[in-house]
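Each remark here refers to the structure printed beneath this line.
Readers should treat all values here as calculations from the given coordinates under stated rules, not as data from a laboratory. Treat the numbers as computed from the prediction; the structure is a model and nothing was measured. Quick reminder, even Gly has a Cβ in these numbers, built from the backbone with ideal geometry, and neighbours come from all protein chains shown.
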Amino acid sequence: MKLIKTLKNNRGLTLIELLVSITILGIVLLSFMNFFLQSSTYTNVNQKKTVGVNVARNVLMFMEKQNFLEVRNYFHDVNNGSKPSESDYLTLFICEAKYKTFSNSSTESELNQTCPNKKNITINGLEYEASIYSGEVLNPDEMDYYIPITIKVRWNINDREYSTVVDGKIKSEDTR
């Protein structure tokens with residue numbers, strides 16, 4: 001009964017009641033806006049990671065097309081037949097509109113002499129740096145048939161580094 005009397009009251013809302021209701025509505029809307037902001041940021045980071053994975057797959061396909069013996073000899077000589085380390089890798093650059101790999105031991109002057117205008121892979125204005133590592137082979141005789149490799153792609157967004165890794169194998173031409 002009291003509710004009906006309140007609804008039939010023609011007095012209206014006071015300014016304080018109106019401000020309190022707007023404040024409560026604002027708090028509720030801000031919490032929803034925060035959810036949408038977080039989901040947008042998460043989607044953007046995942047989009048960049050998907051591009052990074054695709055770059056790594058592309059580099060893996062490039063490495064599969066290289067001469068198996070040259071790649072095997074490089075990684076075997078660098079590792080001296082021992083377990084591969086994080087410091088032994090190849091870096092991939094775009095040089096004259098083609099992919100080209102360089103040893104991590106190459107000096108900057110050697111790089112500039114071989115490829116003066118080298119650059120990292122750039123997609124949507126973001127640079128992706130690709131590194132190629134040799135995986136561990138348990139039996140050295142297996143290096144005659146395949147080379148396990150790991151492609152690590154790194155990129156920076158707002159001074160924060162992100163990376164992704166793709167593992168693969170380069171098979172000998174004899175087994176293809």
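Name the residue, out of L30, L19, L111, whose mean-square fluctuation peaks in a Gaussian network model built on the chain with Cα pairs under 10 Å.
Comparing L30, L19, L111 in the GNM, the peak value goes to L19.
Scan (1) 51, 15, 13; (2) 60, 19, 13; (3) 34, 18, 16 for the value of semi-axes √(5λ) of the Cα gyration tensor in Å calculated from this model and give just the label.
(2)
Pick out which of N46, N34, N104 has the largest mean-square fluctuation in a Gaussian network model of the chain, springs linking Cα atoms closer than 10 Å.
Fluctuation is largest for N34.
Measure up K118/K169; K48/K171; K100/K171; K118/K171; K119/K169; K48/K169 against 22 Å on the Cα-Cα distance and list the ones that go over. Before the final figure, lay out the partial values.
Working: K118/K169 26 Å; K48/K171 30 Å; K100/K171 20 Å; K118/K171 28 Å; K119/K169 26 Å; K48/K169 25 Å.
Pairs exceeding the cut-off: K118/K169; K48/K171; K118/K171; K119/K169; K48/K169.
Taking 0.36 nm per residue of sequence separation and subtracting the Cα-Cα distance, how much length would be gained by fully extending the chain between T114 and E64, in nm to one decimal? Can you show the working numbers first?
On the way: separation 50, 0.36 × 50 = 18.00 nm, distance 2.27 nm.
The T114-E64 span can extend by a further 15.7 nm.
Send over the Kirkwood Rh of segment 118-173, from the inverse of the averaged 1/r over different Cα pairs, rounded to one decimal Å. Mind showing how you got there, number by number?
On the way: mean 1/r = 0.0762 Å⁻¹.
One over the average 1/r among Cα pairs gives 13.1 Å for segment 118-173.
Pick from N124, N44, N73: which residue has the top mean-square fluctuation in a GNM of the chain where Cα pairs under 10 Å get a spring?
N124
Full extension from N139 to I94: what is 0.36 nm times the residue separation minus their Cα-Cα distance, to one decimal in nm?
Working: separation 45, 0.36 × 45 = 16.20 nm, distance 3.40 nm.
Between N139 and I94, full extension yields 12.8 nm more.
Give the calculated FRET efficiency between F32 and V53 to the nearest 0.05, with a Förster radius of 45 Å applied to their Cβ-Cβ distance. Mind dumping the intermediate values first?
Numbers: r = 32 Å, r/R0 = 0.70.
The computed FRET efficiency comes out at 0.90.
Under a Cβ-Cβ cut-off of 13 Å, what is the net charge of the residues other than W155 that fall near it, where Lys and Arg count +1 and Asp and Glu count -1? Provide the component values of the computation, followed by the final result.
On the way: positive: K48, K49, K152, R154, R160; negative: E127, E129, D159, E161.
Value of the local net charge: +1.
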